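Take a look at the structure set out below.
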Amino acid sequence: MQLFLQQLVNGIVLGATYGLVALGYTMVYGIVQLINFAHGEIYMLGGFGALFTYTVLLPAGTPTGVALVLMLLGGMVVSITAAVVMERFAYRPLRGAPRLAPLITALGVSIFLQELVRNFYTAKSPRPFPQLIDPTYQVQLGGGVTISLPKLVTVTAAVLGMVALSSFVRKSRTGRAMQATAQDPDTARLMGIDTDRIIVTAFVLGAALAAISGLSNGLQFGQVDPRMGALTGVKAFTAAVLGGIGNISGAVLGGFILGIVEVMATQYAPSPLSGGAWAQAWGFVVLILVLVFRPYGLLGERVAARA
Amino acid sequence: MHTPRIARVAVPIIIGALALSACGNKKENGSSGGNKTLTIGVVAPLSGDLSAVGNGIKNGVDLAIKQANAAKTIKGVTLVMDAQDDTAKADVGAQVAAKLVAESSVVGVVGPLNSSVAKSVAPVMAQADLALISPSNSGVDLTGRDALAAGKTQVRPYKSYFRVCATDDIQGPFGADYAVKDLGKKKIAIVHDKKAYGQGLATAFAAQAKKDGATVLPTETINPGDKDFSALITKLKSESPDYLFYGGEYPEASLITKQMKAAGLNIPLAGGDGVDAADYIKIAGSAANGDYATALGAPTDKLDSAKQFLADYKAAGYSDPADPYGAAAFDAANAIIKALAKSYGEGKSGQALRDEIVKEVQDSDFAGVTGQISFDQFGDTNNKVLTVYKVENGAFVPAKTDSFK
Amino acid sequence: MMRDRSPVSLLAIAGAAVQAVACFLPWSQFAGFPGEMLNSGYPGGARMYVLFLAVAGLAVLVLDPPRRAAAARAAGAWSLAVSLLTALLIGYAGGGLVNVGTGAWVAVGGAVALTVGAYLLDLGQDRPLTVWHLPDVPWRQPAEIVLTLGVAGLALWGFVVGLGIPDSTIANGDDHVILRAFSLNAITAGSEFLSFLLGIIGLFVIASRVGIVASVSAVTQRQRAALVVGASVVAIAFPFTQGGSPYGLRIAASIGVFAAAAVGLNIVVGLAGLLDLGYIAFFGVGAYFAAIYSGTSTSPIHTTLPFFLVIVLGALVAAVFGVVLGAPTLRLRGDYLAIVTLGFGEIFRISVNNFDGSSGPSLTNGPNGVSNIPDLKLPGGFSFGDNHSLFGVELPFQANYFFLEILLVAFVMFAFLRLAESRIGRAWVAIREDELAAAATGINTTRLKLLAFALGATLAGMAGTVDAHVVKVAAPDSFTFIESTLLLAAVILGGMGTVPGALLGASLVYLLPEKLRFLQDLRLMFFGLTLILIMRLRPEGIIASKRRQREFHETDATALDRAGALDPPPGAHA
């Protein structure tokens, strides 16, 4: 039983990372129907931004709490800048174009950013990231099940992020404007909503959450590398689709489910289909099964197709 | 209108006439300063995630060539390097191999890095009887050693293929013997990254460990690129092993050892030469203390030639590190250079020169920076000296050096 | 003829002439730079391409075609870029600008004069673009046919020249690495190809501004039969141009299978509008099928099947996979489809990586893949692995595969064209435009979508079976997501919905990384950048179907501009 619960905790932690990144995918898709393939790179840039802040900008001896806050801000600055530039110069000009054009552009941006960071920032190996939160300190959850402190931080961040975003979208003016734009951009514009600004806001929020995830990921593992966005991005997007793209709680739910499936498959899948070698495949299998029975994802709603 | 029609006819004709004059513009085999130029080829991943390792190989060859040219090792010949990027893919490897074969000034090739790529490159080289020496391929089937495990006689598949490194079926059992006989480990967990090198090494280790009498847990796999190994570690922890052998490269190994120790599974992680890298300790930090890695050859600080090589490499100012395979590539290049020195003096050229070089490489016997360089009749190195390194106080320290029997 | 004798115009003409002459002078004072720049007389290396651009500029200025100033500006800009870049690289390679020969500086000076003069010319004086036709005389038809054949020949010539340009690293001298990525030695070695590329693009821009491109493509559209004949002759002639060297043929053989797969993808993405991000998996199915049954010792299954059976069965197995992929995706919207196909591609790759007996059934030999695939042998003793002589020319064995692939590509193209112009093709286009409306008109969308997947998969599977024998290995690393992206890029870049587009795209995507070796580690970065730029500037691809062009530029100023609608009427003042 302890084994099962421990693996469950592992799955939830993994899912928290996916969930935070998935929120960005789902928000952007909900408003502009664009799969931002480069969102994984925004997450990666958030992690690198935090690293850069720590290694270059902060003087030695900064107290941990202050350092963390500044690193978070640094990471957000980088990821938000990237997202805004991306939106303005790569996606906005293609807004009326057939579906394929922004998709290919997004792929191009993703590849470009990965290679840019790989060639010009790092010494071509994973960059060590300061583990300011002690990863060896284990919090006892009862029954022998433990979770390390940075992982607890990750999960908390994911849940808080989801709650904050949810209430923002539901209660604030901008949030309601976002909902309106998602439902019908033309009418929203007629109502006086600046849809361009709303779209930028969606990108910004997604980038901010991704930066949080990037920082927490760096703290958890003690390294960031240029490829971390590619791997996590696809899985996070899978999570968003699984939960129902356009739906905020769906993104986080999908993230948790995907994380748990991956971990449980490693432990419990019938041999020889178990183990890390098959974990990723299982994630996709679950996605396909869900989509067969619920084509709009678990919590997704049928949205009228845009002409 | 008159003008457009004339323009339409005249302009293409002018351009076409000039173009036809360009036909037949072939690249000539250059000679510089009266010397003949001969080329040593390199096949390695020069771009992509393995570019640092591939560039290390390229730089090792480059250093050997520079030194040979400066010392005028071969009279009347200037050596140049032609480095081709195989992007660690088998099909690209075959393509660049064909390119090198077609270039008549190429007399020998160093590479490739990956055993999987070698499967495509070696046949092309063998067909052209062009010497190919790998600094790092550990796959057993490249020299027919897989027949030995099945109890059959060894047959050499590629007559011009050689390697200066240890094969999995030597390195794996060496590590296993050390773990079971020297360290007395009884219950060993085996993990690999499901790539050709890692799986080959881990399987060989596991087989030997079982033979030596240890309990070997069912093999677990991970994905290269993964960072979160908590699922794996939780699973292993429930089995309580006292030793973990990892077949694969250091990026994943360093994370596994770090997370393992943090989760309370305080056992040593052991690996092959893929783990024997300075970055392993850099990333794992203090968690690496107590871990092991095996590598070919005697420790470098015992050999003066190795120390000299590292100093020369640093002085040359290459941007990528020499390890893990720069030194082996240096030796491989020198094997070709020495063979060329012997063959060139006999006045051969073209295909006859290549054939002669293969013969001379086979008869190589000199002291390189990784040990004595000579090859058995299957292309494997006779240098079966291996060293186990232990991480102590943040550095790899040699724990045992022995010749594998 | 030349109506404009203003000083600005004369300046430009003088610049172009001077530049042309300079190409026959030495550009360097030391030996060894690509193109033998030390020698005067023959314009070797980059000088040839500067010469082309200068002559083109001269012709445009003197012969006064429509859009003269615009074309002259292109000539100036591109020739300046090439000559200046070459001069600087010569300077770097020689260890100082002092070592650059006079010819280079004269050429740069001429280019500057040409560019300045051209930019000072008044664009408003340009006559608008016209598409030229030959007059309606009896010899019009044969003339157009000859022109079409000429275009095919030009394409072959361009390809052969480009392929033959050396790009290997010069290994001498110390290297300077800028920003940890740009190796100046590597760029110097690749400078001739870079000049070739810039030269070709520049010539294309000039030709399109003057209207040659539009006119010629109108002619080739009309003379479809001649184009097909020309293309076939050119394809068959290619191996004879290689002088017995296997290198170019090896590349051509790889491009052939890649192009066949691209045309297959064109059916799925281009016609039916189904975004498939895991298409390489079908290719992989064919490749593995051929590999496993080829009789190699590394295959876990020790049965050998004759190749004709393999190609048919491999295609069928791939088709089955296509249907298996298609079935669960029928109800999914476009973007969901993308992620599911990506998932299938990954599942395929993970599966073949794991089917080695320990993590799965022993089928594909795991991460090592199935290697040492033997050459094809036809009954009667003809082995694809032997060199053969034809018409007295020694052809390396890769030519055998190349000829086989000509048949394959011809078949695939034929299949595509017949489908595209049939009821099925039109139904696919209808589904692509608006699935709901299509279903409302009675189209069985389920069946047609499955058909698209199945047919696309079949063609990819066929290409895969041939590829296994060309490359001699089938390994999981060849079937990654990035490979699917490259195929997609080939289709998109070349032009969706057109067959020559898919061929061109496949050639470019395969050839450019090969020849732009000097970019080394930055290759993928530039690939990403290229995708972004293409989507921004010409999303319908290089050779686009008219329909696509209209789709992408519905409210675009550029389309109207190209049609001449934005030019001021003749005689009006700006």
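Derivation of every value follows stated rules applied to the coordinates shown; laboratory data play no part. The structure presented is a predicted model; accordingly, all values stated were derived computationally and were not measured. Reconstructed Cβ throughout: ideal geometry from the backbone, glycine too, with neighbour counts over all protein chains shown.
Distances between placed amide hydrogens fall under 5 Å for residue B:375 paired with B:364, B:382, all partners being 5 or more residues away or on another chain.
Would you mind counting up the charge near residue C:148? Only other residues with Cβ under 14 Å from its Cβ, with Lys and Arg at +1 and Asp and Glu at -1.
On the way: positive: C:140, C:222, C:224; negative: C:144.
Every neighbour counted, the sum reads +2.
The long axis of helix C:46-63 is offset from the longest Cα principal axis of chain C by roughly 60 degrees.
Show the residues, 5+ positions off or on another chain, whose built amide H is closer than 5 Å to the amide H of residue B:270. Counting only residues 5 or more places away or on other chains, the set is B:244, B:245, B:246, B:292.
Of the chymotrypsin sites (Phe, Trp or Tyr not before Pro) found in the range C:212-289, none is in coil by DSSP with at most 12 other Cβ atoms within 10 Å of its Cβ. Once the Cα atoms are used to define both axes, helix B:51-70 deviates from the longest principal axis of chain B by about 60 degrees. Each residue of the range B:261-271 is assigned a 3J(HN,Hα), and the resulting list reads 5, 5, 7, x, 8, 9, 10, x, 9, 10, x Hz, derived from the Karplus form 6.51 cos²θ - 1.76 cosθ + 1.60 (θ = phi - 60°), x at Gly and Pro.
Computed on chain A, with alpha-carbon pairs under 8 angstrom and 6+ residues apart, the relative contact order is 35 percent.
Assign unit charges at the C-beta atoms only (+1 for Lys and Arg, -1 for Asp and Glu), then state the dipole size of chain C relative to its Cα centre in Debye, rounded to the nearest 20. All intermediate terms of the calculation are to be shown ahead of the outcome.
Numbers: 34 positive and 34 negative charges, 210 e Å.
That gives a dipole near 1000 debye.
Is it possible to state the helix-based mean residue ellipticity at 222 nm for chain C, with each DSSP H run of 4+ residues giving -39500 (n - 2.57), the sum divided by total residues, to the nearest 500 deg cm²/dmol? What is it? Intermediate values should be presented prior to the final figure.
Working: 22 runs with 359 residues, N = 574.
Helix contribution divided over all residues of chain C: -21000 deg cm²/dmol.
Among the residues of C:190-199, the average count of other protein chain beta-carbon atoms within 10 Å of the residue beta-carbon is 0. Averaged over the residues of C:487-496, the number of partner chain Cβ atoms lying within 10 Å of the residue Cβ comes to 2. Please identify every one of the chymotrypsin sites (Phe, Trp or Tyr not before Pro) in the range C:389-435 that sits in a loop by DSSP and has no more than 10 other beta carbons within 10 Å of its own beta carbon. When the chymotrypsin sites (Phe, Trp or Tyr not before Pro) of the range C:389-435 are filtered for loop state and at most 10 Cβ neighbours within 10 Å, C:391 remain.
What is the sum of charges around residue C:448, taking Lys and Arg as +1, Asp and Glu as -1, for the other residues whose C-beta is under 11 Å from the C-beta of residue C:448? Can you show the working numbers first?
Numbers: positive: C:423, C:426, C:432, C:447, C:449; negative: C:435.
Overall, the nearby charge balance is +4.
With θ taken as phi - 60° and the Karplus curve 6.51 cos²θ - 1.76 cosθ + 1.60 applied, the whole-hertz 3J(HN,Hα) list for the range B:97-104 is 5, 4, 5, 5, 4, 6, 7, 5 Hz, x standing for glycine and proline.
Under Stokes-Einstein, with the Kirkwood radius over Cα pairs standing in for Rh, what whole-number D in µm²/s applies to the protein assembly as shown at 37 °C and 0.692 mPa s? Present the calculation step by step, with values, prior to reporting the outcome.
Numbers: Rh = 32.6 Å.
The estimated diffusion coefficient comes to 101 µm²/s.
In percent, what relative contact order does the range C:326-419 have, based on Cα pairs under 8 Å that are 6 or more apart in sequence? 11 percent. Of the residues C:451, A:38, A:55, the one whose Cα sits farthest towards the positive end of the charge dipole of the protein assembly as shown is C:451 (charges of +1 on Lys and Arg Cβ, -1 on Asp and Glu Cβ, taken about the Cα centre). Distant-in-sequence amide contacts of residue A:34, defined by a placed amide H-H separation under 5 Å and a gap of 5 or more residues or a different chain, comprise A:29.
Given all pairs of different Cα atoms, what value in angstroms does the Kirkwood hydrodynamic radius of the range A:2-305 take?
Details: mean 1/r = 0.0508 Å⁻¹.
Kirkwood radius, the range A:2-305: 19.7 Å.
GluC sites (Glu not before Pro) within the range B:151-253: which are DSSP loop residues with at most 14 other Cβ atoms inside 10 Å? Walk me through the numbers on the way to the answer.
Details: sites: B:220, B:239, B:249, B:252; in loops: B:239, B:249.
Of the GluC sites (Glu not before Pro), the ones in loops of the range B:151-253 whose Cβ has at most 14 other Cβ atoms within 10 Å are B:239.
The alpha-carbon of residue B:282 sits under 24 angstrom from the alpha-carbons of these lysines, leaving out residues fewer than 8 places away in its chain: A:124, A:151, B:195, B:227, B:258, B:261, B:302, B:307, B:314, B:390, B:400.
I need to check one value: relative contact order of chain C, counting alpha carbon pairs closer than 8 Å and at least 6 residues apart, in percent. Show your work: numbers first, answer last.
Working: 967 pairs, mean separation 95.3, N = 574.
Relative contact order here is 17 percent.
Working note: 222 nm ellipticity from helices only, DSSP H runs with n ≥ 4, each -39,500 (n - 2.57), summed and divided by the residues of chain B, gives -13500 deg cm²/dmol to the nearest 500. With a cut-off of 15 Å between beta carbons, the residues surrounding residue A:134 carry a summed charge of +3, where Lys and Arg count +1 and Asp and Glu -1. Sequentially through the range B:121-131, phi angles give Karplus couplings (6.51, -1.76, 1.60; θ = phi - 60°) of 7, 4, x, 5, 5, 5, 5, 9, 6, 10, 5 Hz, Gly and Pro residues having no value and appearing as x. Inter-chain neighbour count for A:128-135: the average number of beta-carbon atoms from partner chains within 10 Å of each residue's beta-carbon is 2. Relative to the longest principal axis of the Cα atoms of chain C, the long axis of helix C:307-329 lies at roughly 90 degrees.
Convex hull over the Cα atoms of chain C, averaged projected area in nm²? Spell out each step's value before the answer.
Numbers: hull surface 124.7 nm².
So the mean shadow area of the Cα hull is 31.2 nm².
Rounded to the nearest 20 debye, the dipole magnitude of the protein assembly as shown is 2160 debye, with +1 charges on Lys and Arg beta carbons, -1 on Asp and Glu beta carbons, and the Cα centre as origin.
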